[in-house]
């Protein structure tokens, strides 16, 4: 198996108030970046298939994302399969709209999925969750100006207290909100307002710089990335590795896999290393096919090695 990037520091290194050994497992190495792959699918059978491909490509770390409501038996079977494949789950992706927690139309998940996965989290030795924040629009990509208002922030505060924390607090879990510029956690300013009342060891940010970048912000994407780390670095729970590019007319942004766009990876890697704490970084937006997995993994590892030199 190709050598992976592992954790920096000792077994007792802490991550935003939670021990690294508690959340991510005990590993030591020269780098604080632990590279992993997104394991996602719309069925349990597809998750098993994709997990085998990911392990065969040399990964040992995953974010496990459900685009369907799993059953308890499916979760037990999957936990066993991942253990056999030596794939460590560092986060569960249970993506839904916190303003409509029971609606599966947003991304085929709901609060019910989070509840069931939380009840079986011990099987995976993982208590980190990832979800979207919230949107008044019932469509994931729908724009609604109300999302950028004080009322939206206040409603999201209530939803975190009344919907998310009651699920995660009993298991000592935490959630990282994945941003997107159309949602409430869509700008750095709004993200800071959303996080302010909550401890970082419960409520944090999924590091995904491209998701903050609207077409209007595209020319300033590197400045925004620096500002993200400067102003929200203490809230980062884990990261996603993908890319960003704007279309020819400048009115839409796309998010290919790593190396497929114009994101400044040396800058991103440098800023992550300045955190001086372990951070799983999950490759996404590529197909779980052997050639593409191996090619993308090699590209990212080259960038990590180059930044180390």
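So, residue 134, is that one closer than 23 Å to residue 189 by Cα, crowded, with 20+ Cβ neighbours inside 10 Å and in contact (Cβ under 8 Å) with a residue 24 or more places away in the chain or not?
yes
Among the candidates 169, 162, 178, 151, single out the residue that is in contact with a strand residue (DSSP E or B) (Cβ under 6 Å, 6 or more places away or on another chain) and either touching a residue at least 24 places away in the same chain (Cβ under 8 Å) or surrounded by fewer than 14 Cβ atoms within 10 Å (Cβ to Cβ) (or both).
The conditions single out 178.
Out of (1) over 17 Å from residue 62 (Cα atoms); (2) at pLDDT 95 or above; (3) under 20 Å from the mean Cα position of the chain (by Cα), what's the single condition that is false for residue 102?
Looking at each condition in turn, residue 102 falls short on (3).
Considering 280, 256, 288, which residue is within 16 Å of residue 37 (Cα to Cα), within 17 Å of the chain's Cα centre (by Cα), in a loop (DSSP other than H, G, I, E, B) and touching a residue at least 12 places away in the same chain (Cβ under 8 Å)?
Being within 16 Å of residue 37 (Cα to Cα), within 17 Å of the chain's Cα centre (by Cα), in a loop (DSSP other than H, G, I, E, B) and touching a residue at least 12 places away in the same chain (Cβ under 8 Å) holds for just one of 280, 256, 288, which is 256.
Can you pull out every residue in region 68-115 that is within 25 Å of residue 157 (Cα to Cα), in contact with a strand residue (DSSP E or B) (Cβ under 9 Å, 6 or more places away or on another chain), assigned to a loop (DSSP other than H, G, I, E, B) and in contact (Cβ under 8 Å) with a residue 40 or more places away in the chain?
Residues satisfying the conditions are 95, 97, 98, 107, 108, 109.
Could you identify the single residue in 40, 63 that is under 23 Å from residue 205 (Cα atoms), surrounded by fewer than 23 Cβ atoms within 10 Å (Cβ to Cβ) and modelled with pLDDT of 95 or more?
Of the residues listed, the single one that is under 23 Å from residue 205 (Cα atoms), surrounded by fewer than 23 Cβ atoms within 10 Å (Cβ to Cβ) and modelled with pLDDT of 95 or more is 40.
Taking residue 63, is it within 15 Å of the chain's Cα centre (by Cα) and under 21 Å from residue 172 (Cβ atoms)?
yes
The values are calculated or read from the model by the stated rules, or taken from the named source; none is laboratory data. Note that the structure is a prediction, hence the values are computed from the model and not measured. So basically every Cβ, Gly included, is an ideal-geometry build from the backbone, and we count neighbours across all protein chains shown.
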